[in-house]
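Okay, structure first, notes after.
Quick note: the coordinates plus some simple rules give every number you see, no bench work behind them. Only a predicted model underlies this, so the values are computations on that prediction, with no experimental measurement involved. Note that each Cβ is placed from the backbone with ideal geometry, even for glycine, and that neighbours are counted across all protein chains shown.
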Amino acid sequence: STVVVLFEAPKAFTFSVQPGQRVRVGEGLGSL
Amino acid sequence: FFNSGRGSLLRYRPLPVLVATGGAYYGYQQYKRRDRADGAPPALATPTQVSLYRSFPTRLLSRAWGRVNGVELPTWLRKPVYSLYIWTFGVNMQEAAVEDLRHYRNLGEFFRRRLKASARPLCSASCLVSPADGRIVHLGRVSSSEVEQVKGVTYSLEDFLGPQDGRDKVTAALSASLSTRAEAASFRDGLLTSPDNDLFHVVVYLAPGDYHCFHSPADWTVALRRHFTGSLLSVSPGVAGRVKALFCLNERVALSGRWRHGFFSFTAVGATNVGSIRIYFDRELRTNAPGDTKGHFHDLRYGEEPAKGGVALQRGEAVGEFNLG
């Protein structure tokens, strides 16, 4: 199964994770 | 056997067998290595191959799989069966709310096990947190109305979310003015509420051993639930890299609404073994139901209920789960 999050954010938004990385619930994905 | 004259054709010849199998294995490894070295995405499946795959009764198989896994196991059998599953998929039972394997009546129940409250701390520094345990398949900025599901393989944003007028009225009204100004606004532009913003996406793949509940990735308000009926093809990264627009073909539940920066959506995409999606605050939702026709969608607008201004979700709050079958 897969989940997809699609969202609008200011252009300054940056991800703090990389493709291929394992993540867990509650782990930060990105911030402004 | 070796001394019989008529058995010459059947005589066991280890050397040719070893050379043939070894050669084939070596060739396969070289092929895989070359693919990795190129860094190029794997070749896409042809439309015929995709059609053939879609013609398999994946929904029926999924429901049958769910039925099998809903059968209550005798207590003595639970530990060996779940232990095999744990060993195969690398499940960490130490973080499960109930570690005693005999507690779970069937594999379906084991699959949707809960975690200890302290097992998943919430990152306080990020406005966006992971909604699920899994692996990031793709992420980034969405610069057009085509989104990458994995590197080099795209899908249409409009096919994935459905027509724009299905969004809640507030988001639609906010974006309408922008669309008018832009004159030739694309689907992506129509979703944005401010020209100073961009659209971003992140795709997380949940492997069979992962915790299969999903949580809210942010503080936001859900205005619309859209249930797309569809196929239940595998969504493993290998298949996602070969089947274009896989996420638009599969059964899925898309929740959309808004957060403090504008448009926000969360979509749970089903797969063959995990065909059912449950949303805790939506009792009407029925996924992977017999009789559903592929390629349709059904809406439920939470924002239109007079007593509610949509469903408010907090960052990290449990939203729903995937179920076997």
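Take each peptide in A:14-20, B:237-243, count the other Cβ atoms within 10 Å of every residue, and average; sorted highest first, the result is B:237-243, A:14-20. Seen from A:Arg22, the other residues with C-beta closer than 11 Å to its C-beta sum to a net charge of -1, counting Lys and Arg as +1 and Asp and Glu as -1. Protection proxy ranking, highest mean first, for peptides B:196-203, B:126-133, B:96-103: B:126-133, B:196-203, B:96-103, where packing is the per-residue count of other beta-carbon atoms within 10 Å, averaged.
Per-residue mean of foreign Cβ neighbours for B:195-202 is 6 (Cβ atoms of other chains, 10 Å radius). Couplings for the range B:59-65, taken from phi via the Karplus curve 6.51 cos²θ - 1.76 cosθ + 1.60 with θ = phi - 60°, read 5, 5, 4, 4, 5, 5, 4 Hz in order; Gly and Pro are left as x. Each Lys or Arg adds one and each Asp or Glu subtracts one; over the other residues with Cβ under 11 Å from the Cβ of B:Ala289, this totals +1.
Quote the relative contact order of the range B:250-325 in percent (integer), defining contacts as alpha-carbon pairs under 8 Å separated by 6+ residues. Result for the range B:250-325 is 32 percent.
If R0 is 41 Å, what FRET efficiency do you get for B:Thr75 and B:Arg135 from their C-beta distance, rounded to 0.05? It comes to 0.75.
Residue-wise HN-Hα couplings along the range B:118-124, as the Karplus relation 6.51 cos²θ - 1.76 cosθ + 1.60 with θ = phi - 60° gives them from phi, are 8, 6, 10, x, 8, 5, 8 Hz; Gly and Pro carry x. Scalar couplings 3J(HN,Hα) for the range B:233-247, obtained by applying the Karplus form with A = 6.51, B = -1.76, C = 1.60 to θ = phi - 60°, are 7, 5, 10, 4, x, x, 6, 4, x, 10, 9, 5, 6, 4, 5 Hz; x denotes Gly and Pro.
The Cβ shell under 10 Å around B:Leu249 holds other residues with a net charge of +2, Lys and Arg each +1, Asp and Glu each -1. Taking the fewest neighbouring Cβ atoms within 10 Å as the starting point, the ordered list for B:Cys123, B:Cys213 is B:Cys123, B:Cys213.
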